[in-house]
């Protein structure tokens with residue numbers, strides 16, 4: 001079976017990247033894997049069609065701007081299908097898959113109708129969450145687009161049960177396959193001999209991570225006598241405003257912005273408590289990684305919170321923006337080393353129990369694609385439930 005994937009991740013073009021290595025493994029599952037990647041034209045450093053494995057090829061759209069992504073991707077995929085010498089009666093031998101139900105999803109849907117192909121959609125974020133919908137004008141538009149695209153999908157792969165439950169009335173053949181992470185076997189000393197507590201966040205510094213709440217909660221914890229520092233690993237459009245907030249709260253060197261780091265082990269290993277204040281998540285990779293290192297968690301109710309990590313067991317789970325709740329949980333953990341040990345140990349067990357072996361992961365990935373092919377072959381009704389039925 002041949003697979004055409006539509007992606008937005010340009011890291012695929014970078015040799016040695018984790019994304020590229022993962023794609024090479026996916027390629028082993030199919031006769032051929034072609035990946036069309038949304039990318040803007042760069043005359044000085046233009047991306048080129050790249051062969052990354054014997055049967056895996058990556059095609060950049062090299063679009064003039066974002067408005068041309070959909071059209072340019074369509075032209076590339078049309079040419080690929082023509083090169084396959086695809087006949088309608090043999091269309092089940094090709095599956096189209098999109099990285100999301102939004103911009104890449106609309107391309108997949110067009111190709112599905114135009115060439116009568118099976119269509120799989122991946123859902124990596126909790127787009128039914130009200131914080132996602134109100135995050136920006138673009139997300140406000142993406143929400144109904146996602147509903148529309150998923151209504152036509154032959155199979156859907158979600159990264160968490162939370163996301164799967166949110167769309168269960170819309171889609172056929174929903175499977176849950178978490179983000180693949182590696183088992184962390186190394187025992188880490190978190191510096192319990194040190195009197196100063198280290199809070200850690202690893203995240204993109206964007207609005208949806210709501211790090212303003214984290215910094216304000218940290219300030220209150222310090223004012224209540226907690227001797228601590230807050231290390232923030234990551235970068236993004238909100239960095240300057242967050243640095244300004246920390247400065248206005250007179251936190252000085254107590255909040256450390258260290259940017260993106262290749263070696264996260266060092267930061268997980270030195271931390272005592274992991275903090276996440278995200279408004280919404282599809283999964284929450286960094287909190288799972290932190291748990292694998294035995295860190296107790298203070299997290300918002302997003303991603304796998306309530307799925308892997310439960311309130312007052314493996315973590316303190318708070319409603320987003322509940323700054324008072326975050327303050328109290330942070331102080332409680334900072335002042336009680338035994339509680340940190342107990343909750344950190346439970347979080348580690350929960351995280352490790354959730355891991356899927358590489359072989360099993362690839363098997364489940366392949367099955368989700370084949371589900372699309374099988375559903376399409378049955379000529380079932382195009383909708384599971386129509387959007388109009390959902391509104392009633």
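Observations
- Residue list for region 312-324, filter: surrounded by fewer than 18 Cβ atoms within 10 Å (Cβ to Cβ) and closer than 15 Å to residue 351 by Cα: 313
- Just one of (1) closer than 23 Å to residue 178 by Cβ; (2) touching a residue at least 60 places away in the same chain (Cβ under 8 Å) fails for residue 272. It is (1).
- Residue within region 381-391 that is at positive phi, modelled with pLDDT under 80 and surrounded by fewer than 17 Cβ atoms within 10 Å (Cβ to Cβ) present: no
Quick grid of which residues meet (1) within 24 Å of residue 365 (Cβ to Cβ); (2) surrounded by fewer than 16 Cβ atoms within 10 Å (Cβ to Cβ); (3) in contact (Cβ under 8 Å) with a residue 40 or more places away in the chain; (4) not assigned by TED's automatic domain parsing to the domain that holds residue 138:
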site	(1), (2), (3), (4)
23	yes, no, no, no
33	yes, no, no, no
48	no, yes, no, no
63	no, no, no, no
80	yes, no, yes, no
96	yes, no, yes, no
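- Residue count, region 244-269 (criterion: touching a strand residue (DSSP E or B) at 6+ places or on another chain (Cβ under 6 Å) and outside any loop (DSSP other than H, G, I, E, B)): 7
- Residue check, residue 365 within 20 Å of the chain's Cα centre (by Cα) and outside the structural domain of residue 213 (by TED's automatic domain parsing): yes
- Among the residues of region 1-21, those that are surrounded by fewer than 16 Cβ atoms within 10 Å (Cβ to Cβ) and over 16 Å from the mean Cα position of the chain (by Cα) comprise 14, 15, 16, 17, 21.
The values are calculated or read from the model by the stated rules, or taken from the named source; none is laboratory data. Given the structure is predicted, the values throughout are model-derived calculations rather than measurements. Glycine also receives a Cβ, built like all others from the backbone with ideal geometry; neighbour counts cover every protein chain displayed.
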